[in-house]
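This report concerns only the one structure given below.
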Amino acid sequence: MRWPGLAVRLAARNLRRRPGEALLLLLTLTIATGVLGVAMSLYGSAEEPWNRVWRVTNGFHVSFTVYHPPDEPGDHALVAALRRRATQLTRAPGVVAAGGPWSHLYGSIRIADGTEDLTAEVRDPRPSEVDQPLVTSGRWLGQGGGVVLESGLAATLRARAGDTVTIQGRQFPVRGVAQTVSRGRFPLSRPAQVWVTPETARQLRDLGMIEEGFELQLRLAQPSTAAAFVAAHQALEAVPSSSSIVPYLETWQQRRSESHSDIDILAGTLFAAGTLIGILTVATASVLIASRMAAQIRQVGTLKAVGVTPRQVMVVLLVEHLTIAAGATAAGLGVGRLLGPRIAATSVTLLGRPQPPPLTVTRVAIVAAVAVAVVLLGTVRPALRGIRQSTLRSLAAGPRPPRRPGRLAGLTTRAGIPLPGVLGLRSAWRRPGRLLTNATGLALGVAMIVVALALRDSLELLELRPAEPGHAASDAAVAVLYDQIRAIILGTAGLLLVLATINAWIVATFAARDAARNQAVLRAVGATPRQTVIALIVSQLAACTIAVALGIPLGLGLWNLMEGGDLPEANLSATSLGLLAAAVPVVFAVIVNVPARLLARQPVAPLLAYE
């Protein structure tokens, strides 16, 4: 049989012989690829629904909006001049259709929890060539007055055709509900939007609504030239610095990218969480792969003895672990396709049912690259260490002996620490790689718990704030978004702790295996099983101490980077941090206690016997 076929057979045989370790490694990698897969499915899942409405409504390619704050007088002459220039823009080269300019009136609309700022766009009842809103309920504007509600506003009000809404203190009948891409969906995009006829607009002006600008929308012969068209007409945005008027040009691509901010925020949070989990997965995978390598050292020596080259041995090991990486990639992408649409469906910015973007080669490669990178970083170092050993040493049984304890370990003997503590600390310092790997994983989990606790306190303060006038519904929508972010952070902390638990279990199992003969000797000369259990627990609590010392400041630092904007400042109390610092070692000790007790129950004689 040729060498590639033999490598595949050996890899498959190794996977079958140690299915438990293989499944644990698969689970570890799937946690990382699954989070990234969800983020990949979530990001862009709102674009196709937006595109559908954009096509049906003859959405704009270029939008020109003039806005001036309603609480400032503005310059009516400048607004009139910009309106004339907007009309001239409809005849610019490349423009094939125009909608507007449509006047915008500013006022307020009554909702259940107060009032919301409102923009009423004045429309001709006749269909527009550009951005004719898609009526999803009732009718478009016509005779008899009334208003048409933007779909997000209608959902917030739970209103439909035939109901009434209160604008400027007066009730108006709802003619219909419609979708548009000319602005984001309420309530995350504000102010709220309604469409009215010129006749209804006169009534609203009499009720106190004031003009706040206008909007013009254009369709081009070549949609791909929208950015160039905007660049060619940048002069329209030039106004005196003393003016409060804000004119701006926008392409349809820009509007689409800004129309579902909540989904983008959730996807970005998941990408950040996936990155943190990926970092920890490297450490966890390194421990797992080192475990498999330790069990395969004899096989490596046998292959070398029969003439297999070190490069070919490396190929066998990589095929074995890359197979697991491929399975984790497929599982992660499957989890993403399953959960991504469900998370996206909670968005208030969607213009329909979410549709995950197609699985392109690039998207698959990004998730696969994480799994492959973790496997390579975890495989190469222990594999090279095993390959570089002499064939005779590889064929010999027993784990790699630990290094001698350093001077720091020697100080514990002279410090009067009880014997189990001395033995535990010496054992921890003899395996510094495992100590740091364990501490790194747990420190990330502790840091995320700190962030989650701080976010919880901040959101509780946010709930106590009274809603700003005109922001009742939008503040509630932002609170929902923060709750989703908190859920992601709590989930990330949970996954990090799961990985840290796997790390703790494996490292404790390794430590028990390495210490088996030494502890058997101690028990033979009078040490009790309880003392050996305590020694093994202490050896692992050293990593826990480092993790708490590093994780709490790291979490506080991450929270300082996150807070700001709409989030009120929240300082974690010393009591909360103290309880966390005390709880983590207790839970950690419970986890480590299991392999320690299993070791203590083994009879002494077999452990002292030589093969």
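The values are calculated or read from the model by the stated rules, or taken from the named source; none is laboratory data. These figures come from a predicted structure and were not determined experimentally. As a convention, Cβ positions derive from the backbone with ideal geometry for all residues, glycine included, and neighbour counts pool all protein chains shown. When the accessible area is computed, the model is the full protein with side chains, heavy atoms only, and any ligands, DNA or RNA have been set aside. Shrake-Rupley method; radii C 1.70, N 1.55, O 1.52, S 1.80 Å.
So what does E199 come to for accessible area, using a 1.4 Å probe and Å² rounded to 10?
Accessible area, nearest 10 Å²: 100 Å².
How would Y67, Y106 line up by accessible area, probe 1.4 Å, largest first? Walk me through the intermediate numbers first.
Numbers: Y67 85, Y106 65 Å².
If we order Y67, Y106 from most to least accessible, we get Y67, Y106.
Between A112 and D483, what's the calculated FRET efficiency when r is the beta-carbon distance and R0 is 22 Å? Round to 0.05. Before the final figure, lay out each step's value.
Numbers: r = 19 Å, r/R0 = 0.88.
Computed FRET efficiency for A112 and D483 comes out at 0.70.
Quick one: how many Å² of W252 are accessible to a 1.4 Å probe, rounded to 10?
Counting only protein heavy atoms, the figure is 30 Å².
Using label points projected 7 Å from each Cα along Cα→Cβ, tell me how many nm separate S573 and L436, to one decimal.
Taking the simple label geometry, S573 and L436 are separated by 3.9 nm.
For M40, what accessible area in Å² do you get when you roll a 1.4 Å probe over the heavy atoms of the protein chains, rounding to the nearest 10?
We get 20 Å² for M40.
Where does the charge balance sit around A120 when Lys and Arg score +1, Asp and Glu -1, over other residues with C-beta under 15 Å from its C-beta? Please list the in-between numbers first.
On the way: positive: R110, R123, R170, R175, R183, R190, R202, R205; negative: E116, D117, E121, D124, E150, E199, D206, E211, E212, E215.
Value of the local net charge: -2.
Sort R219, R255, R158, R205 by heavy-atom solvent-accessible area, probe 1.4 angstrom, most to least.
Working: R219 60, R255 25, R158 205, R205 100 Å².
Highest to lowest solvent-accessible surface, that is R158, R205, R219, R255.
How much net charge surrounds I167 when only other residues with a Cβ under 14 Å from its Cβ are counted (Lys, Arg +1; Asp, Glu -1)? Before the final figure, lay out the partial values.
On the way: positive: R110, R170, R175, R202, R205; negative: E116, D117, E121, E150, D163, D206.
Local charge sum for I167: -1.
Does region 59-133 classify as rounded, prolate or oblate by the C-alpha gyration tensor (a ≥ b ≥ c root eigenvalues; a/c under 1.5 gives rounded; else a/b over b/c gives prolate, otherwise oblate)?
Details: a/c = 2.86, a/b = 1.43, b/c = 2.00.
Oblate, because a/c is 1.5 or more while a/b does not exceed b/c.
Carbon-plus-sulfur fraction of the accessible area of region 51-258, 1.4 Å probe, in percent? Walk me through the numbers before you get to the answer.
On the way: 4470 of 9200 Å².
Of the solvent-accessible surface of region 51-258, carbon and sulfur hold 49 percent.
Within region 51-258, what percent of beta bridges assigned by DSSP are antiparallel, to the nearest 5? Before the final figure, lay out the partial values.
On the way: 40 of 49 bridges.
So the antiparallel bridges in region 51-258 amount to around 80 percent.
If I stretch the segment between R256 and R337 completely, what's the gain in nm (0.36 nm per residue apart, minus their alpha carbon distance), one decimal? Each step should come with its number before you reach the end.
Working: separation 81, 0.36 × 81 = 29.16 nm, distance 2.24 nm.
Gain on stretching R256 to R337: 26.9 nm.
Leaving out ligands and nucleic acids, note down the accessible area per residue over region 51-258 with a 1.4 angstrom probe, in whole Å².
On the way: 9200 Å² over 208 residues.
Accessible surface, normalised per residue, equals 44 Å².
First measure r as the distance between the Cβ atoms of A272 and A581, then evaluate 1/(1 + (r/R0)^6) with R0 = 35 Å and state the FRET efficiency to the nearest 0.05.
Values: r = 25 Å, r/R0 = 0.71.
The pair A272/A581 has a calculated efficiency of 0.90.
Give me the distance in nm between label points sitting 7 Å out from Cα along the Cα-to-Cβ direction at L556 and Q143, one decimal.
7.3 nm
At 7 Å along the Cα-to-beta-carbon direction for both V246 and A80, put a label point, then send me their distance in nm to one decimal.
Result: 2.5 nm between the two label points.
Take T492, T545, T501 and sort them by solvent-accessible surface of the protein heavy atoms, 1.4 Å probe, largest at the top.
Details: T492 5, T545 90, T501 55 Å².
Final ranking, largest accessible area leading: T545, T501, T492.
Could you compute the net charge surrounding L105? Neighbours are other residues with a C-beta less than 11 Å from the C-beta of L105; K and R count +1, D and E count -1.
Numbers: positive: R202, R205; negative: E121, E211, E212.
My count for the surroundings of L105 gives -1.
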